[in-house]
Every structure is written in C-alpha cells, then in structure tokens.
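**Student:** Structure provided below as structure tokens; questions to follow.
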Amino acid sequence: KYPEPNAHAENRVTRKLDYGSTVYVVRVLKNGELANARPCKSCVTIMKLRGVRRCYYSIMNNEYGVLIL
C-alpha cells in the first residue's frame, strides 16, 4: 500500500510504533541547516491516541524541543 501523499510524517510513522514509543522529528533545509519541525495539533492528538510518550523535534541548529505526551 502506498503512503497517503498529504499525511504528515508523524501520522504515517505512528502506525508502525509500539505503545509507549518516542518519536524524533527533524526538518532539514536544502542548505543542511535544521529548522522548526514542531508537530501540528492534529499530529499531537494522533500521537497521544496511538500511545506515543515523547516527541523530540528540531527547532534550529543546536536547539530542539520535546513534547511529553
């Protein structure tokens, strides 16, 4: 089955995770720098429903955020 073309990465990957997993989301720009990859509200809700415990995400180079779900 092909992935949904409009689904965010967090939504697609959580279908394959075990309950209590940790998710890492990184956005890399064309120049190689990291950018903000904070999950949207819909993705946060989906991760909670699928049992994700933590989500680490890039903000910019040398900076990251964490959501405790």
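**Student:** So which residues in region 45-69 are aliphatic (A, V, I, L, M), modelled with pLDDT under 95 and touching a Leu at 6+ places or on another chain (Cβ under 9 Å), if there are any at all?
**Tutor:** Once the filter is applied, which keeps residues that are aliphatic (A, V, I, L, M), modelled with pLDDT under 95 and touching a Leu at 6+ places or on another chain (Cβ under 9 Å), region 45-69 yields only 47.
**Student:** Could you list, ordered by first residue, the pairs with Cβ atoms under 8 Å in which the first is in region 6-35 and closer than 20 Å to residue 62 by Cβ and the second is assigned to a helix (DSSP H, G or I) and small (Gly, Ala, Ser), at least 6 apart or interchain?
**Tutor:** 25/9
**Student:** For region 30-69, name all the residues that are in a loop (DSSP other than H, G, I, E, B), surrounded by fewer than 17 Cβ atoms within 10 Å (Cβ to Cβ), in contact with a Phe, Trp or Tyr (Cβ under 8 Å, 6 or more places away or on another chain) and of a type in the set (Gly, Ala, Ser).
**Tutor:** Across region 30-69, the qualifying residue is only 51.
**Student:** Of all residues in region 5-29, which are touching a strand residue (DSSP E or B) at 6+ places or on another chain (Cβ under 8 Å) and either exposed (fewer than 14 other Cβ atoms within 10 Å of the Cβ) or among the hydrophobic types (A, V, I, L, M, F, W, C) (or both)?
**Tutor:** 9, 13, 17, 22, 23, 24, 25, 26, 28, 29, listed by residue number.
**Student:** Here is a further query. Would you check if residue 57 is aromatic (Phe, Trp, Tyr), in contact with a Gly (Cβ under 7 Å, 6 or more places away or on another chain) and within 18 Å of residue 7 (Cα to Cα)?
**Tutor:** So residue 57 fits the description; yes.
**Student:** Please pick out the residue among 10, 4 that is at negative phi, in contact with a helix residue (DSSP H, G or I) (Cβ under 6 Å, 6 or more places away or on another chain) and modelled with pLDDT under 90.
**Tutor:** Numbers: 4 fails: in contact with a helix residue (DSSP H, G or I) (Cβ under 6 Å, 6 or more places away or on another chain).
Only one candidate passes the filter, namely 10.
The values are calculated or read from the model by the stated rules, or taken from the named source; none is laboratory data. Everything quoted here is computed from the prediction, not taken from an experiment. Cβ coordinates were reconstructed from backbone atoms using ideal geometry, including for glycine residues, and neighbour counts include every protein chain displayed.
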